[in-house]
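One structure is given below, encoded as structure tokens.
Read the figures in this text as sums done on the coordinates, not as results from a lab. Just so it is clear, the structure is predicted and the values come from calculations on it, not from any experiment. No Cβ is skipped: glycine too gets one built from the backbone with ideal geometry, and neighbour counts run over all protein chains shown.
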DNA sequence: TCTCTCGACTAGAACGTTCTAGATCGACGA
DNA sequence: TCGTCGATCTAGAACGTTCTAGTCGAGAGA
């Protein structure tokens, strides 16, 4: 209760007009000062700033965005359950902020469909909607794209007027290989994704990377798939082989979990004897705890570039 | 390009005034129709609605909230990396929506501090800020609470003016026990959390629940802790016992992971021979994949109740 | 017939900001 | 002395909505 004014706690937050009255200037001038744009002398700038701070002024983002012709707002839908969406959102915050954009995030969950999430963004009048891993079909995508420019991340689409950004599958797996080689691994195995989306790129990325390190003769690609079961089956085959690898790059996290599970059950020391690396669009998961996220940054940059 | 008007794609979305002109009525009447409040005849209501739909009208949430005295907006900060925050946010969406509130969510991440997230919410003029698992110290909490009513979830606080909601530890563990008993389990063990926060409540909840089911004589509480290591150690002791339990309720997910890991290494079939249940604030994780979330719902309801 | 009420509708003022178009003033060159 | 210029500041109109205070008829009661 150190508040000088007799205002109720949290009620009636001060406005530009309040600050202007207190400082004895016009609201326009306060606006100029708060935005840091030219048009005020250093002296008054300091004085107004002090008054504003003293009153605890916080600008009303709604009123500001309402007045501005362009809202400089980017809408993002993401899946609350998908761990790697978290990485993407985080880097989008950074990338958007650096360019003077705000981010409005709207979550998708079992009880909250993508349509609801997108509708909420439309009401916020964002200039573009970034959909992470959207599951909408092409028709819905097309009709939505008529209302707001759309950008798909982690999914390909050929719909007219919809841009899309997919992670650099080949490059990402390459980074995983680089990482393992830098840790001293030489006998690498890739458990591939069979005919799952992106499997070809990741297989190719693995092959290129081991070749780059001159390890092709010691490397191996075994058939796998996108599920835990596929991973287990592949790991079983690996254990029967005459010479065991020291590191496994799995198609994705679920596949990696399957590999991991079987190795542990067979008394293999992970990561002592064998390292297991999963790769899932934006996140490299090394073991159950250590994680490196590199690709998401890439995706966020691509997203921002696409927005410009 | 089936748009009748010559409008550019996505540009200049129609406003109330546009709809009003098209329908030959006042903006106020359109507003009445769009909000579904009384004050219009059924005939014009239908006509205006049709015009609005035809033009693809979407209300501007900013302008609406600016005009309204109370914004009916709830701000939420959550950790992008914390899986169970996802559950909480999802249920908050539901609970808030049911009460006519909107949710503005603002993420916390390694590169985006809680202060930044809260500041963003303040700029949106939300009526209350719900902080999930806040790590702010009491001083910051207190000063923030002067600007907006605060509600802490999954953390206790004695700061003046800050409400807090913590999950019902005792009841949650009770639900876990109920679940296991309903699956046919009779020999239950609780690996407790030693002196970790909430450990007492969970231990008590376990004891009460097994007593309720008349299974006290077959139940057992063994010393554990909040980490994987604690879980492993406790599991080791369990395996040496003369009669093994069929289900383990661990203090939290990490502890459960430790239990699980050791059991698997010792060739115990999970969940065939033994079921392992972790409990972490809002989420019950049964095995590595199956999950039931029940407590988060509880927390969301408590949050909403507190808001009223 | 005169007033009253009631339902359907509207004019115009908010909300808090930014933007456009000046106003004011001291300095400076001619 | 006069105009001009730049720096500093201000008045007032937007932005798209909701809210307040009506207006306008039509039917009811006296």
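Spin-label pair residue A:239-residue B:244: with each label point 7 Å from Cα along the Cα-Cβ axis, the two points sit 1.8 nm from one another. Treat the stretch B:22-81 as a sphere of radius equal to its Kirkwood radius over Cα pairs and apply Stokes-Einstein at 10 °C in a medium of 1.306 mPa s; give the translational diffusion coefficient in µm²/s, rounded to a whole number. Result for D is 117 µm²/s.
Modelled spin labels at residue A:168 and residue A:211, positioned 7 Å past Cα toward Cβ, are 1.8 nm from each other. What the Cβ-Cβ distance of residue B:269 and residue B:143 gives, at R0 = 41 Å and to the nearest 0.05, is a FRET efficiency of 0.15. When each of the peptides B:224-236, A:105-117, A:15-27 is scored by the mean number of other C-beta atoms lying within 10 Å of its residues, the order from highest to lowest reads B:224-236, A:105-117, A:15-27.
For the rotational copies A and B, the chain A residue with its Cβ nearest the relating axis, together with that separation in Å, is A:62, 2. The mean number of partner chain beta-carbon atoms within 10 angstrom of a residue's beta-carbon across peptide B:101-110 is 4.
Apply the Debye scattering formula to the stretch B:32-134, with a single equal point scatterer on each alpha-carbon and no solvent, then give log10 I(q)/I(0) at q = 0.21 Å⁻¹. Taken in order of the listed q values, log10 I(q)/I(0) reads -1.06.
Label point of residue B:218 set 7 angstrom out along Cα-Cβ; within the stretch B:234-269, amide nitrogens under 15 Å from it belong to B:243-249. Taking other C-beta atoms within 10 Å as the exposure proxy, A:208, A:180 rank A:208, A:180 from fewest upward. The mean sequence distance of close C-alpha pairs (under 8 Å, at least 6 residues apart), as a share of the length of the stretch B:128-266, puts its relative contact order at 20 percent. Across identical copies of the chain, residue B:36 has label-point separations of 4.4 nm, listed in ascending order, with the point defined 7 angstrom from Cα along Cα→Cβ.
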